[in-house]
Amino acid sequence: MTLRSPRAQNSPPNLKFIETKTVPIDEAREVLASLTQDPPRLSPKYFYDSRGSELFEHITELPEYYLTRAEAEIFDLHLNDIAEALGSGDIIIEPGSGNCSKVQPLLERATPSAFVPIDIAGDFLWEAAATTALAHPDLSVTAIAADFTMDWNFTDKIPHGRRIVFYPGSTLGNFDPAAQRGFIQKLAKVVGAQGGILLGVDLHKESTVLQRAYDDAAGVTAAFNRNMLSVVNARTGSNFAPNSWQHQARYNTKLRRIEMELVAQSNQSVTIGGQTLAFAQGAVIRTEHSHKFTLENIRDLASAGGMTVTHHWLDRQSQFCLALLQTD
């Protein structure tokens, strides 16, 4: 792991930037393996290029997409209580920090001693971390460019102190249940004794509300879903025809998850990594699971990590939950 010297020369004095070594991935082989599953799947990581990021920002502003507003409302209503529950002087760690916008209320009100944003996109992370460090000159910022879904082989670079992992946005819902438990167990080890996880999750609710959130009238989510095929083309050299696939989203009430898919509108022949795959009209590629939670689910997840839910906060309509899990 190295500190990039060009960035170091231009960094605010309270910012340290660390980049971990990444193992090259044969993405063509990875995509082929996932597309030969039953049903065929693509990883949600392929949602995001510059256009995908722009489309998702647009989604968060749609009237049907309540999640972002509900989570923001929780901070508006309960920020003082959240800050009091956390205490002061903590190390706040945010995996998948993005532009670091969601953590700003905590940095201002909870007065941590250090902030550790973690994201796989190094250049974007450095810019966001530098902006945050400039806005909070008394805060120590250690930005770590890494894939937080893999092994955390960089924990020795995190400052010492009581650790709180901030994981908002219901991103945990994109993991299947076994992976959810595994991830919470991993985070519990990262925070250690006296540590905690401040976790955002979307709650189980009426299916029509959920389906509208993932299949908006303006078709923005449909464009976002189809854009995944353009990203796969760019990164693997494949030849998907995105406009020949239709967006589909439905809520599986038994498994309590949104299942987002792309459906072939005609027979398709796609070449990836020198191999050709045939998709008949009506064939489905699963692109995302978004699991929804109950308070009992959250308590079970905490228990799996040897933790307890000590506090939880809801928006006015009880659509979203922010829960504090603490080590037993």
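Every number in this text was worked out from the coordinates using simple rules, so none of it is lab data. Since this is a predicted model, take the numbers as computed values, not measurements. Counting neighbours? That spans all protein chains shown, and the Cβs are built from the backbone with ideal geometry, glycine included.
Quick one: plug the Kirkwood hydrodynamic radius of the range 126-247 (C-alpha pairs) into Stokes-Einstein at 20 °C, 1.002 mPa s, and report D in µm²/s.
117 µm²/s
Would you please state which residues of the range 291-325 a label at Asn252 would reach in this model, taking the label point 7 Å out along Cα→Cβ and a backbone N cut-off of under 17 Å?
The answer is 291-294, whose backbone nitrogens lie closer than 17 Å to the label point.
For the range 91-186, take every pair of Cα atoms, bin their distances at 5 Å starting from 0, and report each bin as a whole percent.
2, 13, 25, 26, 19, 10, 4, 1, 0
If packing is taken as the mean number of other Cβ atoms within 10 Å per residue, what is the order of 299-309, 71-81, 23-33, highest first?
299-309, 71-81, 23-33
Starting from 0.36 nm per residue, how many nanometres of slack lie between Thr60 and Gln265 once their C-alpha separation is accounted for?
Separation in residues times 0.36 nm, less the Cα-Cα distance, equals 71.0 nm.
List the pairs from Lys16/Lys102; Lys45/Lys186; Lys157/Lys189; Lys102/Lys205 whose alpha-carbon separation is above 22 Å, in the order I gave them. Before the final figure, lay out each step's value.
Working: Lys16/Lys102 20 Å; Lys45/Lys186 20 Å; Lys157/Lys189 15 Å; Lys102/Lys205 24 Å.
Going by Cα-Cα distance, Lys102/Lys205 fall outside the 22 Å limit.
Set the Förster distance to 51 Å, then compute FRET efficiency between Ala72 and Thr36 from the Cβ-Cβ distance, nearest 0.05.
Details: r = 41 Å, r/R0 = 0.79.
My answer for the efficiency is 0.80.
If one puts a single equal scatterer on every Cα of the chain and applies the Debye formula without solvent, what log₁₀ I(q)/I(0) results at q = 0.11, 0.15, 0.16 Å⁻¹?
Values, matching the q order: -0.75, -1.34, -1.46.
Within the range 1-151, what percent of beta bridges assigned by DSSP are antiparallel, to the nearest 5?
5 percent
Determine, for each peptide in 86-96, 43-53, the mean count of other beta carbons within 10 angstrom over its residues, then list the peptides with the highest first.
86-96, 43-53
Whole-Hz Karplus ³J(HN,Hα) for the range 76-82, in order, using 6.51 cos²θ - 1.76 cosθ + 1.60 and θ = phi - 60°, x for Gly and Pro?
4, 7, 10, 4, 4, 5, 4
Report ³J(HN,Hα) in whole Hz for each residue of the range 298-305, in order, from the Karplus equation J = 6.51 cos²θ - 1.76 cosθ + 1.60 where θ = phi - 60°; Gly and Pro get x.
5, 5, 5, 4, 4, 4, 4, x
Using amide H atoms built in the peptide plane, which far-off residues or other-chain residues are under 5 Å from Thr271 H to H?
Those qualifying (amide H under 5 Å, at least 5 residues apart or on another chain) are Asn239, Leu277.
Under 11 Å from a label point 7 Å along Cα→Cβ of Lys189: give me every residue in the range 137-169 with its amide N that close.
Residues 151-153 qualify, since their backbone N sits under 11 Å from the label point.
Just to be sure I understand: of the beta bridges DSSP finds with both ends in the chain, what percent are antiparallel, rounded to 5?
Given both bridge residues lie in the chain, the antiparallel proportion sits at roughly 60 percent.
Return the whole-Å distance between the Cα centroid of the range 225-275 and the Cα centroid of the range 87-114.
With the range 225-275 and the range 87-114 each reduced to a Cα centre, they are spaced 36 Å.
For the range 247-328, with equal point scatterers placed on the C-alpha atoms only and solvent neglected, what are the log10 I(q)/I(0) values from the Debye formula at q = 0.20 1/Å, to two decimals?
Taken in order of the listed q values, log10 I(q)/I(0) reads -0.94.
Mean 1/r over all different Cα pairs, inverted: what Kirkwood radius does the range 18-69 give, in Å?
Evaluated over the range 18-69, this radius sits at 13.9 Å.
Give, rounded to the nearest 20 debye, the magnitude of the charge dipole that the range 184-267 has about its Cα centre when Lys and Arg contribute +1 at Cβ and Asp and Glu contribute -1 at Cβ.
My answer is approximately 320 debye.
Work out the FRET efficiency for Asp176 and Glu206 from their Cβ-Cβ distance, taking R0 = 30 Å, and round it to the nearest 0.05. Walk me through the numbers before you get to the answer.
Numbers: r = 23 Å, r/R0 = 0.77.
Efficiency, from the Cβ-Cβ distance: 0.80.
State, to one decimal in nm², a quarter of the convex hull surface area for the C-alpha atoms of the range 210-272, i.e. the direction-averaged projected area.
Numbers: hull surface 19.9 nm².
Here the figure is 5.0 nm², rounded to one decimal.
Where the centroid of each part is defined by its Cα atoms, how far is the range 287-328 from the range 36-61 in Å?
Rounded to whole Å, the Cα centres lie 24 Å apart.
Once you keep just the Cα pairs under 8 angstrom separated by 6 or more residues, what percentage relative contact order results for the chain?
Values: 626 pairs, mean separation 68.3, N = 328.
With pairs under 8 Å counted, the relative contact order is 21 percent.
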